Amino acid sequence: MLRLGLIGHPVGHSLSPWIHERLMEHEGLEGTYELFDIDPDTFDQQIHELKDNGLDGFNITVPYKEKIIPYLDEVDSSARELGAVNTVKNTARGWVGYNTDGIGFAVSVRNRYPELFYNDQRVLIIGSGGASRGIYHALLEAGLSKIDIANRTIEKAEEVIKSASTNSESKALSLDKAVEQLNDYGLIVQTTVVGMSPNDHTAIIPLYNLKEGTVVSDIVYRPLETRFLQEAKHRGAKLHFGHEMLLQQAVYAFHIWTDTNPDASLLLEGFEKKLKGV
Ligand code: ATR
């Protein structure tokens, strides 16, 4: 019997149990996915208790993706470069850490729009938080080399660029500069919280310079179709949705734990219904 879980604070509204229970069902595996809401004051003690708990694997969410690292026995090289872990597998060598957030994005966008990767399209990432960093590293690793980062605070975009070892063609931009040169890009990825419900009437930048056929992605998945994506659609863009990334990063974690290869698209329709509350 497989024992999986999630640690974080808070974890009550997580969609991970829904996803992993369906993946277990789909793969014919019996198991559980438990939520561990860990108080920051007792983090050390609770993580030590978890070591004896015998979980096969677990996810880590906010605010512990960095704090978990000293407790791991091994960290895979890309999670180490990123400095954040969202998936741990319990192995004979101990706890091994990975990060599936960025690769979840890269795989889901590549499955839908493989042509972006054939000719090394220019990419614009908007935002410079943890999500931006993960996506930046994963897209570089997936072979895209011309990736700029735009942010309200330009210094933070510079830091994200410096955090990767293969960053030679990247530039940090202001949001205004990004608006001006939007038509340079084949893929635009919105990684900030701007547009998230209940502030769903807002969009991080206007898209009047967007060229038709550009792939536009928003990692916000509440609402499913953000204001940013609505405007992109109106201007003839091809869309990629935040919930596709969310699902794919979970499927990738499940693959790490179980060595199975479930197809994320099998869960997509049910997941959309779940997010819409129907
Ligand atoms: P994450 O959840 O990915 O770790 P974060 O660390 O909270 O995100 O970072 C949030 C990102 O959203 C940052 O790029 C932030 O811009 P700054 O670096 O300038 O703070 C961006 N962001 C948040 N609110 C914003 C707003 N109202 N306008 C523009 N950018 C905003």
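The values are calculated or read from the model by the stated rules, or taken from the named source; none is laboratory data. Everything quoted here is computed from the prediction, not taken from an experiment. As a convention, Cβ positions derive from the backbone with ideal geometry for all residues, glycine included, and neighbour counts pool all protein chains shown.
Things worth noting here:
- Test: residue in segment 197-216 that is at pLDDT 95 or above, farther than 26 Å from Thr100 by Cβ and assigned to a helix (DSSP H, G or I): no
- Within the option set Ile135, Ile149, being outside any helix (DSSP H, G or I) and within 16 Å of the ligand (Cβ to nearest atom) holds for one residue only, Ile149.
- Residue identified as of a type outside the set (Ser, Thr, Tyr), farther than 25 Å from Lys238 by Cα and either in contact with a Leu (Cβ under 9 Å, 6 or more places away or on another chain) or crowded, with 18+ Cβ neighbours inside 10 Å (or both) among Ala157, Ala172, Ala150: Ala157
- Cβ-Cβ under 6 Å pairs, at least 6 apart or on other chains, segment 202-219 side among the polar types (S, T, N, Q) and surrounded by 13 or more Cβ atoms within 10 Å (Cβ to Cβ), far side modelled with pLDDT of 95 or more and not in a loop (DSSP other than H, G, I, E, B): Asn209/Leu182; Asn209/Asn183; Ser217/Val189; Ser217/His240
- Qualifying residue in segment 74-81 (condition: modelled with pLDDT of 95 or more, closer than 30 Å to Glu159 by Cβ, aliphatic (A, V, I, L, M) and surrounded by 12 or more Cβ atoms within 10 Å (Cβ to Cβ)): yes
- Hits in segment 168-191 - residues which are closer than 18 Å to Phe117 by Cβ and part of a loop (DSSP other than H, G, I, E, B): Glu169, Ser170, Tyr185, Gly186
- Condition met for Glu155 (more than 9 Å from the ligand (Cβ to nearest atom) and closer than 25 Å to Lys67 by Cβ): no
- Within the set Val88, Val109, the sole residue that is of a type in the set (Val, Ile, Thr), within 12 Å of the chain's Cα centre (by Cα) and more than 16 Å from the ligand (Cβ to nearest atom) turns out to be Val109.
- Which listed residue is assigned to a helix (DSSP H, G or I) and among the hydrophobic types (A, V, I, L, M, F, W, C), from Val109, Val88: Val109
- Among residues of segment 108-132 that are of a type outside the set (Gly, Ala, Ser), those with a beta-carbon under 8 Å from a residue that is within 16 Å of the ligand (Cβ to nearest atom) and part of a loop (DSSP other than H, G, I, E, B) at least six positions away or on a different chain give the pairs Ile125/Thr191; Ile126/Asn151; Ile126/Thr191; Ile126/Thr192; Ile126/Ile204; Ile126/Ile205.
- The single condition from (1) within 30 Å of Ala237 (Cα to Cα); (2) in contact with a strand residue (DSSP E or B) (Cβ under 8 Å, 6 or more places away or on another chain) that Ile69 fails is (1).
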